[in-house]
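Asks: Okay, here's the structure, questions in a sec.
FYI, it's all coordinate maths here, none of it is from the lab. A quick note: this is a predicted structure, and the numbers were derived from the prediction, not measured.
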């Protein structure tokens, strides 16, 4: 009888310890899963290259084999090339040549001439990127982006479809016009654009110049409310805002949208074409995060503006506005998917 009791105690004890270990293991796995959603800083890109392209000396990172299919990834505001650090590694491992340029007003990109207008209108950023492709002798590439980068990629695909093999666009169709922006939105929608109206004032321009890093960190939090990025991650990207033309470009971009800044006359013909909301004919994958806190259109409203082979994916799990950095595998998968569409 005593030996049976000892045996039962041993079995019950073993079961209890196994249960505790299993719960602990489950908790550790959950913690590891949660940690994966908390951004950490990876090593910097090994080399930031420079190339003269159009009116700019463009700084860019390049990852992957030089003879691989080219992919150009475009960041937005207020972000930088490190939005694509993990994405570029995934794509490079698959054989893609990945190029990630700093847009005008960011990082090591500089104007070649002091008297070039510090213009931020939508078409000029796309012109920059076509010039970037020309300088690198890239005839055609898959182009992906979010925020300003998505708008730029949209414009490249709409105006120069022969240069864009495939398009990945976070938040879909983002081409706008000054005329279209005259239409008032609902009060709630107008509230989400508060910074645009702030930038329209002298106070806003001075405030952004004086508090750039604090301002942009606020945008990171509001645009991606569930993204637990680290201070190191933010600071790595925030260095790109130290560009001497950053404030001028950002302010002009948002003032142009409201018609306060007129833009350069030499781009009027391009803006006229864009104001007609041209249909994008190249193969396209659009993405949206399920927790995007920035203003963005409903996917159902823009599907008709893509006439080529098309797919849309909503990425779940608390993914916000900076989708490539928050969900790098999903973004990389979209690049691979649209590349298969284009074959």
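Asks: With runs of 4+ DSSP H residues as the only contributors, calculate the mean residue ellipticity of the chain at 222 nm using -39,500 (n - 2.57) per run, divided by the residue total and rounded to the nearest 500. Walk me through the intermediate numbers first.
Replies: Values: 14 runs with 154 residues, N = 343.
Value at 222 nm, helices only, nearest 500: -13500 deg cm²/dmol.
Asks: Please report how far the C-alpha centroid of the stretch 87-122 lies from that of the stretch 156-213, rounded to the nearest whole angstrom.
Replies: The stretch 87-122 and the stretch 156-213 have Cα centres separated by 18 Å.
Asks: Starting from the Cα-Cα distance between residue 264 and residue 300, subtract it from 0.36 nm times their residue separation and give me the gain in nm to one decimal.
Replies: On the way: separation 36, 0.36 × 36 = 12.96 nm, distance 3.36 nm.
Once the chain is fully extended between residue 264 and residue 300, it gains 9.6 nm.
Asks: Specify the angular offset, from 0 to 90 degrees and rounded to the nearest 10, of the alpha carbon long axis of helix 328-341 from the longest principal axis of the alpha carbons in the chain.
Replies: It works out to around 60 degrees.
Asks: Out of these labelled values of Rg/Rh (Cα atoms, Kirkwood Rh), [x] 1.09; [y] 1.01; [z] 0.97, which was calculated from the coordinates shown here?
Replies: [x]
Asks: Could you tell me how far the Cα centroid of the stretch 294-328 sits from the Cα centroid of the stretch 236-261, in Å?
Replies: 24
Asks: In degrees between 0 and 90, to the nearest 10, how far off the longest principal axis of the chain does helix 122-135 point, with axes built from Cα atoms?
Replies: Relative to the chain, helix 122-135 is tipped by roughly 80 degrees.
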